[in-house]
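Working notes, beginning with the structure itself.
Please treat every number below as a calculation from the coordinates, not as lab data. Note that the coordinates shown come from a computational prediction; the quantities given were computed from them, not determined experimentally. Note that we place each Cβ from the backbone using ideal geometry, even for glycine, and neighbour counts take in every protein chain shown.
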Amino acid sequence: MIQNKKTRTTNSILFVILFVVAVVVLYPLFFILNNSFKGKFFISKDPFSLPTGETFSGLSNYVNGLVKTGLLSAIGWSFFITIVSVLLIILFTSMTAYYITRVKTKVTQALYYMFVFSMIVPFQMVMFTMSSLADTFHLKNPIGMCVLYLGFGAGLSVFMFAGFIKSVPIDIEEASMIDGCTPLQNYFKVVFPILKPTAITVAILNAMWIWNDFLLPYLVIGISTKYKTIPVVVQMLVGSNGNKDMGALMAMLVLSIIPIIIFYLTCQKYIIEGVVAGAVKG
Amino acid sequence: MQLRLQEVFKKGVAGMEKTLKKYFVVFTVPTIIAFAFAFIIPFAQGVYLSFCEFTTVSNAKWVGLKNYILAFSSSQGFTRALLFTVGFTIVCIITINLLAFTLALLLTRKIKGTNIFRTIFFMPNLIGGIVLGYTWQQMINAILYQFETTIVSNAKYGFIGLVVLMNWQMIGYMMIIYIAGLQNVPTDLIEAAKIDGATAWQTLIKVKLPMVMSSVSICMFLTLSNCFKLFDQNKALTNGAPRDKTQMLALNIYDTFYGKTGYEGVGQAKAVMFFIIVAVIGISQLAFTRSKEVEQ
């Protein structure tokens, strides 16, 4: 009984500590949200107070920011590039992983090791040559970006799919082949459905990375086209002019974070599982 | 009979492999083409160009090791960036893992609200580096403004700012991995320790910690490689200011490539050295995990 009471007191204290940590973690997000509703002069003068009366500026920062930056189109392109790239990655890398796991030749072995090798190469190693190659082959557009993301995502994705396919018993495929299925039918009707849990993990890991990626779209698509993604627009808004509109900046930061938080709160279980699986394997 | 069946089965497997083999193009070529564009060709070109002087890929002139030697001249800032990166990485590995492990311990005690706390702590990990960097830049500057200074005025502020930002972003992620490890510690083991009269601290050090060593090594390497390769947050928070004193390796390479023309070869040589360091970290991780697996 005494023991119980002691545990309860400790747990109450620990709850308070956790609560404080949670407030600290959430504060930066609250900070930009709070300031996005203030007039830009009050942001530097009085950054920590709530917007009231004269400091409250309604949605004018949001309107200002959207007009100046074209963030809406950037949100659109970010969605387009992320979704198409992830679909391409799921489809093609799972097929490749299946092939190189089931057919053992020197070529497939070499391919597998190249995919694994690519995972440890930092982006800076290839950024200059890759963007000039993308220039030569006219990949400086959203579709080209999706092709490049397929190539960059291939390493981790093939690795994860191959790891899972190794554990899938070959008997079921046998049966379907004897029933007269071609390898393609066999793959899409029998194998692919089994890969679903890995496909979700791969989709989440790639979606998070592609959505947030800055350097690849910045170098390949650049800042002078209409295909800018969210991180590129945010960088432009801050990096380009000296006397920046802080109110608009706050509003744009809030708008770029909202889609991620919605995505997180709706698929939280899959995201956390996926990230842990990716960390353990990668 | 058993033997016959096995034989038939073996034939079947071989037959399947044979049929599948003809589908090489359908199954692998789309990935291979994209992989070649994004990785294989640029990587090979990159290695070659690190020994060349060039401004575009097509006007390269072989200069041997000149770029590598130039990279270490003090005006290039490569050594300074390396030292800054190593210092930053060490501080981050220690702080992130200590805090993440502590939070994981607290969240495996069945305190109420555990799920909500876990959700909140993990959230920053999903926000991209550029957006995060500017969010923190605004907040740190708002604080420093009260003392009439900014983050770019002193390299110390930049260093601390980067450490705080990285902690804020990665603690939740590492915490999740530690929680997964702690939940796998068998409860009867902890019960047994309690019956033997172990204090909470002894249970932690002698029972729990050895059981989650694989999580510890995963988290160490993840923080190590994420901090060492950091670019977006560095670019957004300080962009190297003041006078490149808070410039990390990845940003140093980027600035060498795109800062002024004529140094592309040096940038590429730095990138190759950066790659080698990162690869050594990666391979030692692999070797380390393998040796752990054998032990178990």
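Computed values, structure above
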read-out: Region B:99-198: relative contact order in percent, alpha carbon pairs under 8 Å with at least 6 residues between; value: 46 percent
read-out: Ellipticity estimate at 222 nm from DSSP helix runs (n ≥ 4, -39,500 (n - 2.57)) divided over the protein assembly as shown, nearest 500; value: -23500 deg cm²/dmol
read-out: Of A:Phe31, A:Phe42, A:Leu14, farthest towards positive along the dipole that unit charges on Lys, Arg, Asp, Glu beta carbons give region A:2-63; value: A:Leu14
read-out: Separation of the B:Leu65 and B:Glu191 label points, Cα + 7 Å toward Cβ, nm; value: 6.5 nm
read-out: Cα shape, the protein assembly as shown, gyration tensor, a/c 1.5 rule; value: oblate
read-out: Where a label projected 7 Å from the Cα of A:Ser132 along Cα→Cβ would reach, residues of region B:217-261 with amide N under 18 Å; value: B:253-261
read-out: Length-normalised contact order of chain A in % [C-alpha pairs under 8 Å, at least 6 apart]; value: 29 percent
read-out: Gain in span if fully extended, B:Ala36 to B:Leu83, counting 0.36 nm per residue against the direct Cα distance; value: 13.5 nm
read-out: Kyte-Doolittle mean at least 0.5, axial Cα span of 27 Å or more - DSSP H helices of chain A; value: A:2-35, A:71-102, A:142-165, A:246-266
read-out: Linear extension gain, B:Ser58 paired with B:Ser75, 0.36 nm per residue minus alpha-carbon span; value: 3.4 nm
read-out: 5 angstrom amide H check on B:Ala60, placed H, neighbours 5+ away; value: none
read-out: A:Phe30 versus A:Val168: modelled label distance in nm, points set 7 Å from Cα along the beta carbon direction; value: 4.8 nm
read-out: Nitroxide proxy distance, nm - points 7 Å out along Cα→Cβ at A:Thr7 and A:Phe188; value: 5.6 nm
read-out: B:Gln183-A:Ile223 FRET efficiency (beta carbon distance; Förster radius 56 Å; 0.05 resolution); value: 0.75
